[in-house]
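The values are calculated or read from the model by the stated rules, or taken from the named source; none is laboratory data. Keep in mind that what you see is a predicted model, and the values were worked out from it rather than measured. Positions of Cβ are generated from backbone atoms using ideal geometry, with glycine treated the same way; all protein chains shown enter the neighbour counts.
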Amino acid sequence: MKGSLHTPSMSQTKAKLSSDEVFHLLSSPRRRFVLYYLHTEQRTVDLSEVVAEVAAWENDKQVEELTEKERKRMYVSLYQTHIPKLAAAGLIEYDTDEQVVAPTGRISQVAPYFEKEATGPDWYLFYFVGAMLNISILTTGTLGPQWAQPLGNVVFPLTLGLLVLIATAHFIYVWQQKNKTVGLVDEAKG
């Protein structure tokens, strides 16, 4: 890109951003969406296209429904603030003459933040199924036919044990997830 406001050097595109830099750059929803859009497109894009996509996302409209005022407001914000910040960080290249932006290789450092958050298993479903099993066995054992009562005395403790096993697995899973996030805090202190 020839008339670039900022074209990151080769070493800058390879250098790892610190957690503080990443969090600062992603603190603005507009910058997050610009990065997300460029990361998914993986091509050089006209600034006007980025402006339209971000404005449509922010206003919860289709691009065709945007007013001129909404586009202009977004253009000024991206042009004056957000695009220069992302270019200075080496995440994008911005050609001021051509009015185009392109992702750099460094954008992959923030890409994990665009992925759908992995929430893990739906623990409530495990608890619900375990509780329903216990209720049905308890009900069958007490109110059901005579032959089912001894069965309830045997199976009820087993399903109760299943609930304890699910709760233990849930505890271990949550504990491991908390330990993963502590690493980010430790990195910021160091």
- Message: Could you list, ordered by first residue, the pairs with Cβ atoms under 6 Å in which the first is in the stretch 149-166 and more than 13 Å from Met132 (Cβ to Cβ) and the second is surrounded by 15 or more Cβ atoms within 10 Å (Cβ to Cβ) and polar (S, T, N, Q), at least 6 apart or interchain?
- Response: Gly152/Thr140
- Inside the stretch 41-56, can you point out the residues that are in contact (Cβ under 8 Å) with a residue 24 or more places away in the chain and surrounded by fewer than 18 Cβ atoms within 10 Å (Cβ to Cβ)? Glu41, Gln42, Arg43, Thr44, Asp46, Ser48
- Could you tell me whether the stretch 61-80 includes any residue that is on the phi > 0 side of the Ramachandran plot and at pLDDT 90 or above? no
